[in-house]
Amino acid sequence: MKRNLGRAAALVLAGAAAFGLSHHAFAQAGAGWVQLFNGQNIANWDQVGDANWTVENGIVSANKGNGFLVSKLPYSDFELKAEIWTDEPANSGIFIRCEDAKRIGGQGCYEVNVFDTRPGPEYGTGAIVNIAKVAPPYPKAAGQWNYLEIAAKGDEMTITFNGRRTVDRAKDNKHLRGFFGLQYGSGVVKFRSVQIRPI
């Protein structure tokens with residue numbers, strides 16, 4: 001009798017645990033976030049330029065050349081979250097709403113900068129170049145993992161860098177839909193998570 005009660009209790013606990021795990025997984029899927037970097041390869045990206053992107057230990061990085069990892073799909077309104085590590089001289093960032101997936105640059109995209117040593121630091125780390133300045137004290141990315149969040153809806157864009165809102169609902173309507181690209185410009189640049197959620 002005791003053995004049967006023990007088995008019944010174990011089944012109830014196992015069922016509850018399974019329900020909890022399923023519910024958690026469903027909640028994650030229901031949130032609408034898509035992880036674009038799988039930690040194993042860059043199959044979800046197109047390469048533009050000659051940056052020497054490599055994947056190791058769940059991290060994609062580059063330290064030579066110049067180029068981008070570009071999304072396979074274009075997006076209009078979205079939220080994007082990325083984890084990025086740079087050294088001090090690094091020039092990186094994320095270009096968003098790029099009109100031409102083969103020609104990524106400031107003319108056809110918005111450039112969300114991660115560039116601590118940029119001449120003119122008001123458009124350095126945490127800014128949208130030539131659109132929205134960042135106020136001092138200027139954010140610094142070098143030597144640590146950083147959390148970059150980008151929200152774009154209609155003609156409004158908001159940037160949050162390590163929990164600080166560096167750009168608050170900046171308005172511009174030149175680019176309302178397009179691809180996005182992870183930039184390697186100089187130094188050492190690493191990404192370990194890139195997620196997007198259309199809104």
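The values are calculated or read from the model by the stated rules, or taken from the named source; none is laboratory data. It should be emphasised that the depicted structure is a prediction, and the values quoted were computed from it without experimental measurement. No Cβ is skipped: glycine too gets one built from the backbone with ideal geometry, and neighbour counts run over all protein chains shown. Heavy atoms of the whole protein, side chains included, go into the accessibility calculation; ligands, DNA and RNA do not. Shrake-Rupley method; radii C 1.70, N 1.55, O 1.52, S 1.80 Å.
Taking 0.36 nm per residue of sequence separation and removing the Cα-Cα distance, the ARG197/ASP87 pair yields an extension gain of 36.8 nm.
Taking a ≥ b ≥ c as the square roots of the eigenvalues of the alpha-carbon gyration tensor, region 132-197 is classed oblate because a/c is 1.5 or more while a/b is no larger than b/c.
Based on the convex hull around the alpha carbon atoms, region 56-199 presents an average projected area of 7.8 nm². Relative to the Cα centre, the charge distribution of region 76-199, modelled as +1 at Lys and Arg Cβ and -1 at Asp and Glu Cβ, gives a dipole magnitude of about 140 debye. Beta bridges assigned by DSSP with both partners in region 54-143 are antiparallel in approximately 90 percent of cases. What part of the accessible area of region 58-199, given as a whole %, is carbon or sulfur when the probe is 1.4 angstrom? With neighbouring chains kept in place, the figure for region 58-199 is 47 percent.
Placing dummy labels 7 Å off each Cα toward the beta-carbon, the span from GLN47 to THR117 is 2.5 nm.
Across all directions, the average flat footprint of the convex hull enclosing the Cα atoms of region 32-137 is 7.5 nm².
Here the dipole of region 148-199 is about 120 debye; that uses its Cα centre as origin and unit charges on the Cβ of Lys and Arg (positive) and Asp and Glu (negative). So the label point goes 7 Å from the Cα of ASN173 along Cα→C-beta, right? Which residues of region 129-158 then have their backbone N under 13 Å from it? Label zone hits: 154-156. So what's the gap between the Cα centers of region 142-169 and region 37-108, to the nearest angstrom? The two parts, judged by their Cα centres, are 16 Å apart. Put a dot 7 Å past the Cα of ASN130, heading toward its Cβ, do the same for GLU99, and the two dots end up 1.2 nm apart. On full extension, the segment bounded by VAL55 and LYS153 gains 32.1 nm, given 0.36 nm per residue less the C-alpha separation.
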